[in-house]
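Trainee: I have a structure I would like to understand better, so I am pasting it below and will then ask my questions one at a time.
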Amino acid sequence: MADGMLQPLNRESLADQVYQVLLRYILRTGTQIGDRLPSERKFSEMLEVSRAVVRGAFDRLAVEGYVEKQVGVGIILLRRPPQVNVENALDLETANTSLQDLYQARIALEVGAIEWVVLGLTDEDLDRLDYLVDQISARIKAGTGFTREDREFHNTLIRACANPVIIQLASIIDQYFDRMRTYYTYYPERVIDQSHLATLDVRHRMIVMTLRARDVEAARHALRFHFRPWPS
């Protein structure tokens, strides 16, 4: 491992910093699909952060389909990240953006990119979307969180367009979900609208159905319908 390329981190936004460091490590060391990455303990020592922080960063990479944790083997690279995701990720944390700002930006990005998403989605992508919808539905019924699956659903859509600039802008999606997690941590009394949860499965399945039909306009309408008006 090239120890010189990893420097101790500042104590601000550690999870995001470690996530970016792992992406840079994968690209700059030439790690290939199927290779085993250094352990959580090794990264923890080199970056001088807790293993829990490193584990959280690896969990995010796993959700996004970059790595897989295999029992008795370690952390295996499944696919390499786009270069643009690492070098110039759009950072809105210091831009005085509100949660509503991020939500509206998500709508503009995802609905606006749908034409290229439809063209780029593979059958494997569509099967993955169906699986994620099933997982979200099961978690809602069980009363457990589904943020990871929901995040991956929307990231899968954007990745399919294969446009590096759009994929760079898609960091908005991750920043939105990260901000939402913080929002409900600090304001637990603001429970998610149950009517929203009741229709979420149908709205997700409508999106996938129109994508399978390769119907751009129908997919655009389904995705726009999925994004409910921001609560006043």
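Trainee: Would you pick out the residues in region 31-79 that are of a type in the set (Gly, Ala, Ser), assigned to a helix (DSSP H, G or I) and under 20 Å from residue 152 (Cα atoms)?
Mentor: Listed by number, the residues that qualify are 56, 57, 62.
Trainee: Of 23, 47, which residue is closer than 25 Å to residue 168 by Cβ, out of contact with any strand residue (DSSP E or B) (no Cβ under 8 Å at 6 or more places or on another chain) and in contact (Cβ under 8 Å) with a residue 60 or more places away in the chain?
Mentor: The match here is 23.
Trainee: Under 7 Å by Cβ, and 6 or more places apart or on different chains, what pairs join a residue from region 203-232 that is free of Cβ contacts under 8 Å to residues at least 24 places away in the same chain with one that is assigned to a helix (DSSP H, G or I) and polar (S, T, N, Q)?
Mentor: 218/210; 222/210
Trainee: Name the residue that is modelled with the lowest pLDDT, counting only residues in region 8-38 that are of a type in the set (S, T, N, Q) and loosely packed, with under 10 Cβ neighbours inside 10 Å.
Mentor: By that ranking, first place goes to 10.
Trainee: Return yes or no: is residue 170 surrounded by fewer than 18 Cβ atoms within 10 Å (Cβ to Cβ), in contact with a helix residue (DSSP H, G or I) (Cβ under 7 Å, 6 or more places away or on another chain), aliphatic (A, V, I, L, M) and modelled with pLDDT under 90?
Mentor: No.
Trainee: Out of region 200-221, which residues are of a type in the set (Gly, Ala, Ser) and either in a loop (DSSP other than H, G, I, E, B) or under 13 Å from residue 127 (Cα atoms) (or both)?
Mentor: 213
The values are calculated or read from the model by the stated rules, or taken from the named source; none is laboratory data. Remember, predicted model here, so these are calculated numbers, not experimental data. Cβ atoms come from the backbone with ideal geometry, glycine included; neighbour counts cover every protein chain shown.
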